[in-house]
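The values are calculated or read from the model by the stated rules, or taken from the named source; none is laboratory data. None of these values were measured; they are calculated from a predicted model. Backbone-built Cβ (ideal geometry, glycine too); neighbour counts: all protein chains shown. Ligands, DNA and RNA are excluded from the accessible area calculation, which covers all protein heavy atoms including side chains. Shrake-Rupley method; radii C 1.70, N 1.55, O 1.52, S 1.80 Å.
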Amino acid sequence: RDRTGPGRRPALVPAGNDVLFGAPTRRDGGLFNSALLWHAGALRIVRDKIRLVPVTEDGLARGARADPVPWRGDRIAALICWEAVFPGEARRAARAGATLLAVLANDAYAGDGPVPRLHLRMARLRAAEVGLPVAFAQATGPSAAIGPDGHVLARMEAGRAGSLDAELPRASGATLYRRTGDLVGPGATLASLIAVVRRARRSGEPRSRGGGA
């Protein structure tokens with residue numbers, strides 16, 4: 001059920017703490033995969049998942065675009081699990097004024113395989129691309145606090161129960177990728193091709209020989 005607004009504290013939320021977590025919510029539009037924030041005695045939906053996983057999430061409703069949510073002087077934007085793979089979602093959040101990205105993931109299905117570690121790498125890449133710190137919370141680990149340059153500041157390995165206490169730096173400012181978006185990739189490819197062509201032309205030019213009559 002949708003329990004947004006003031007009310008009793010959900011049983012899964014520790015007393016005296018603000019908690020951002022993922023859970024299904026059922027509303028008039030259907031069943032959503034949602035990120036919820038418990039803060040100041042109220043539970044609110046921060047975001048509904050937009051990028052649904054094919055086949056496994058066919059029964060869920062697709063969410064709508066949502067602005068970052070103010071929280072203790074920051075503006076949080078949540079990416080839900082697979083959405084960390086899509087750079088456009090992080091870029092839109094940054095352009096909308098987010099100062100912190102929270103990636104909520106559950107890769108328990110992958111067991112000890114490479115998926116959880118790859119997911120963390122994707123979160124690190126999103127941080128570096130848009131210049132925002134990332135709190136990466138993965139149900140079975142690894143989880144991490146990631147700086148706006150993509151470096152891991154604190155990490156909890158897979159299979160461990162516990163919490164991380166880390167101070168995340170502020171956003172590093174608008175990166176080139178945040179300003180230009182997907183033009184960075186084609187632009188870098190074009191620049192590389194131009195450099196290769198110029199080098200090939202230079203190597204094909206006849207070399208002048210010294211000496212005289």
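Tabulated data for the structure shown
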read-out	value
Qualifying positions in region 177-213 - closer than 30 Å to R92 by Cβ, at pLDDT 75 or above and among the hydrophobic types (A, V, I, L, M, F, W, C)	L190, A191, L193
Odd one out for A93, checked against (1) outside any strand (DSSP E or B); (2) open to solvent by less than 30 Å² (accessible area, probe 1.4 Å); (3) touching an Asp or Glu at 6+ places or on another chain (Cβ under 8 Å)	(3)
So L36, is it closer than 21 Å to A93 by Cβ and either in contact with a Ser or Thr (Cβ under 8 Å, 6 or more places away or on another chain) or in a strand (DSSP E or B) (or both)	yes
Per-region count, region 26-41, residues open to solvent by 30 Å² or more (accessible area, probe 1.4 Å) and hydrophobic (A, V, I, L, M, F, W, C)	2
Test: residue in region 161-177 that is under 21 Å from Y109 (Cα atoms) and of a type outside the set (D, E)	yes
Out of D67, D18, D74, D58, sole residue that is without any contact (Cβ under 8 Å) to a residue 24 or more places away in the chain, of a type outside the set (S, T, N, Q) and out of contact with any Pro (no Cβ under 6 Å at 6 or more places or on another chain)	D58
Residue satisfying all of: in region 102-124; surrounded by 18 or more Cβ atoms within 10 Å (Cβ to Cβ) and out of contact with any His (no Cβ under 9 Å at 6 or more places or on another chain); farthest from A174 (Cα to Cα) among these	P116
Qualifying residue in region 51-68 (condition: open to solvent by 50 Å² or more (accessible area, probe 1.4 Å) and of a type in the set (D, E))	yes
All strands (runs of 3 or more DSSP E) inside region 129-178 with 2 or more residues being open to solvent by 80 Å² or more (accessible area, probe 1.4 Å) and free of Cβ contacts under 8 Å to residues at least 40 places away in the same chain	152-156
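To keep it simple, each residue is scored yes or no on (1) of a type in the set (K, R); (2) surrounded by fewer than 14 Cβ atoms within 10 Å (Cβ to Cβ); (3) part of a strand (DSSP E or B).
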residue	(1), (2), (3)
P24	no, yes, yes
R47	yes, no, yes
I76	no, no, yes
A84	no, no, no
A98	no, no, no
